[in-house]
Amino acid sequence: MPQMPPDRTPLARIVNPDSVAVIGASDDLGKFGGRVIHYLIRHGYRGRLLPINPNRAVIRGLPAFPGIAAAPGPVDVAILAVPAGTLLREVEACAAAGVGACIVITGKLADAGPEGAALEARVAAAARAAGMRLVGPNCLGILNLADGAMLSSSLALEVERVRAGGIGMVSQSGALMGTLVSLGHRHGAGFSRCVSVGNQADLELCDVLEFLIEDAATRVITLYVEGLKDPARFAPLLRRARAAGKPVLCVKAGRSEAGAQAARSHTASLAGSHAAFAALCREAGAVLLDDPAVMVLAADALDRLPRLPRAGMGCAVIASSGGSTVTTTDMLAQHGLRLGAMGEATRAELRRWMPESHVHLPLDTGSFHDGTSEDGLGACIRAFMRDDDIGAVVVPMTTQPAMAARAALLPPLAREGGRPLLYVMMAGEVGDAARERLREAGFPFYDSVAHALGVLQALEAEAEGRGRAALPPPARPAGLALPEALPRGALTEEEAKRLVAAYGIPVTRERFAATEAEAVAAAEAIGFPVVLKGVSRAVVHKSDLGLVRLGLRDAEALRAAHAALLAAPVPLEGVLVQEMARGEAELILGARHEPGLGPFVLVGTGGIWVEVLRDVQLAPAPLRPEDARAMLRRLALWPVLQGVRGRPALDVEAAVEALVRLSWLAADLGPRLVELDLNPILLRAAGEGCIAVDARATLA
Ligand code: ADP
Ligand code: MG
């Protein structure tokens, strides 16, 4: 008898169901339905288990039912690993039987083309009409390690025992999820709930993220993202996770897609959707990574090790071989890390164990006085963990006697010291005894220095994000408001400059001229030397076509330049006569609206080589002045702005001010802003300001 439709069963119930029906259950482990029921039993599912199969009376010793309608209800979750051809019928049967949610492992739907997508839409509609939820399709289900409910066909479950812990995971790839769980287990990491969302026909990544933020068993959240169904939900959830004290680590596929788009502006080509996503993660305190393995190892470190006290501290490298300490130190910079500057108390402690000449980082325990190395190791690590400039200790181990016994000394030191200690077992098989000791002690280890430093870099990003949570929201500078009537479409240089000037960004004095005589009059009014530019809405890069003539000293030079412009291969609406500005460096400032993610601003090394140099930083708008300053500091150009090779320090504060004002313009325009470039803005010596000499914009 059909039951009342469930009222949108909550995820907490789907993840931890009292009853599970396995549609297509089988004794055959070669089949999805065979593996699902096998893993449920093997990993100790404690609820009611209902195998569904019309051709069997008993499966795995349990009574089987010919269809979901014949199974005794209520059924919280049905797992479907049926062929696509019968999926709709089975989902409809589940809906009619009042099942709370279906986990659809079946693939070849929207992932396989338009026909599959149409079927998927029908399946989702059938579920929705009945108030039944869907996970998937094309997913590998849910691993609930906290409660021992493995609702999945993932081969990661092909082990004796799985390990529960604090890492939650949402993944758009089921196979990657299984792989990462298995990798984590090898390192002794433990997981709370791992959800493979597949094609997200109903429940989507953000739903699961929200659940994990509330979930008491989850302390750290990992995400593998391909595309967001509802991007606007993402950043607010990241901020909620941070407020709840749960770090979020994320790998986003599709990093390389951005550059491929044909772009109408510099900003569009430099600030694609991946860059915007990365900027959003940084602002909201989430850690974005390239390598899924490092994501899991870093999540484990955040779960089982103390966190960094704060961002920006150095680290200590200590081990018994000069080779491993030196090569590890050499690799720090490429991970944005550095050695700590030891304080006097730390040095005093080190002097007790080794000759003065060896009291420096990296520390080689081979220099310890004879017979003291074990006590000395402990004492030095304790001293590091009290040092104001040492946030973490890295121990890269090479082969040596008693490796396992030495490894076992470390976990208590890390716990007592309250700072992360990253142990790297660089050796192969001969290091396995040490690894095993650490697994038994519940302590993480790494197999390579690159992994350990990748993890430390992630811990640093987490600490930075934590620190940013305390900042007040950006404050609007006085007197900013959008003009009454906004131009639309592709703006001319003049129109774009008027728009940014309304927000207090300095621009060149200039005047449009339709004829040569008007141009000469304009130049006399502005004052020589001047710049002459051809005006055409069809042109993106004027200098490519010879439409920019700089440094015209008098009327004669102006007339010659004017004649040359008229000979250009594009029809001109007229010319722009402009003051000839001076500056010490060229910056680009840009803004754009990323659909679903909101407004962003960009700053970078400007001029005609911007796309070649790609020295840019992006952040969501609006900005605080300290955000703008931090963006400038991250540029390769930064040392130049501070003054190098006898050149003056430049007016960084003027650039900060312009960037903040542009960010408010972007925020106020919202979706009306397609893109806007100020390239270049000329930056002068400190105290002398900056000026935008070129501008272009497209408004919707
Ligand atoms: P486009 O980017 O369309 O090729 P720009 O207006 O940016 O044209 O001009 C190209 C270059 O000429 C700028 O990068 C800048 O170096 C220089 N330039 C342009 N306008 C001025 C100006 N008013 N004063 C000084 N230099 C200028
Ligand atoms: Mg330009």
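Give me the net charge of LEU410's neighbourhood, meaning all other residues with Cβ under 12 Å from the Cβ of LEU410; Lys, Arg count +1, Asp, Glu -1.
Around LEU410, the surrounding residues sum to +2.
Would you kindly derive the ³J(HN,Hα) couplings of region 10-16 from the backbone phi angles with the Karplus curve 6.51 cos²θ - 1.76 cosθ + 1.60 (θ = phi - 60°), listing them in order in whole Hz, with x for Gly and Pro?
x, 4, 4, 7, 5, 6, 10
Need one value: the accessible area of ASP202 in square angstrom, 1.4 angstrom probe, rounded to the nearest 10.
My reading of the accessible area for ASP202 is about 30 Å².
Accessible area per residue, 1.4 Å probe, Å², for region 586-677: what's the number?
38 Å²
Hey, what did the chain get for relative contact order, percent, Cα under 8 Å, at least 6 apart?
9 percent
Once you charge only the Cβ atoms, +1 for Lys and Arg and -1 for Asp and Glu, what is the size of the charge dipole of the chain about its Cα centre, to the nearest 20 debye?
Approximately 1060 debye in magnitude.
For the chain, build the charge dipole from Cβ charges (+1 Lys, Arg; -1 Asp, Glu) around the Cα centre, then report which of GLY245, ALA567, VAL395 sits farthest towards its positive end.
Checked the options; the winner is GLY245.
Would you be so kind as to identify all helices of the chain, as entire DSSP H runs, whose Cα atoms reach 24 Å or more along the helix's own axis and whose mean Kyte-Doolittle hydropathy is at least 0.0?
Helices passing the filter in the chain: 449-468, 652-669.
Can you find, among VAL644, GLY166, ILE103, the residue farthest towards the positive end of the dipole of the chain? Put +1 on the C-beta of Lys and Arg, -1 on that of Asp and Glu.
ILE103
Would you compute, for the Cα atoms of the chain, the largest minus smallest coordinate along each principal axis and list the three values in descending order, in whole Å?
If we take the Cα atoms of the chain, the spans are 99, 78, 41 Å.
Can you give the calculated 222 nm mean residue ellipticity of the chain, where each DSSP H run of n ≥ 4 adds -39,500 (n - 2.57) and the sum is split over every residue, rounded to the nearest 500 deg cm²/dmol?
After summing the helix terms and dividing by the residues of the chain, the value is -11000 deg cm²/dmol.
Normalised by the residues of region 601-692, what does the relative contact order come to in percent, with Cα pairs under 8 Å and at least six apart?
Relative CO of region 601-692 lands at 29 percent.
Quick one: order ARG239, ARG347 from most to least accessible surface, probe 1.4 Å.
ARG239, ARG347
Can you give the translational diffusion coefficient of region 509-579 in µm²/s, computed by Stokes-Einstein from the Kirkwood radius over Cα pairs at 25 °C and 0.890 mPa s?
Answer, rounded: 210 µm²/s.
As a test question: what accessible area, to the nearest 10 Å², does MET397 have when a 1.4 Å probe is rolled over all protein chains in place?
10 Å²
Restricting to the chain, compute how many DSSP beta bridges are antiparallel as a %, nearest 5.
Percentage antiparallel, nearest 5: 50.
With all protein chains present and a 1.4 Å probe, how do ARG233, ARG582 order by accessible area, largest first?
ARG582, ARG233
How big is the accessible area of SER367 in square angstrom, nearest 10, if you roll a 1.4 angstrom probe over the protein chains?
Number for this one is 20 Å².
The values are calculated or read from the model by the stated rules, or taken from the named source; none is laboratory data. It should be emphasised that the depicted structure is a prediction, and the values quoted were computed from it without experimental measurement. Neighbour counts run over all protein chains shown; Cβ positions are idealised from the backbone, glycine included. What goes into the accessible areas is simple: the full protein's heavy atoms, side chains included, and nothing from ligands, DNA or RNA. Shrake-Rupley method; radii C 1.70, N 1.55, O 1.52, S 1.80 Å.
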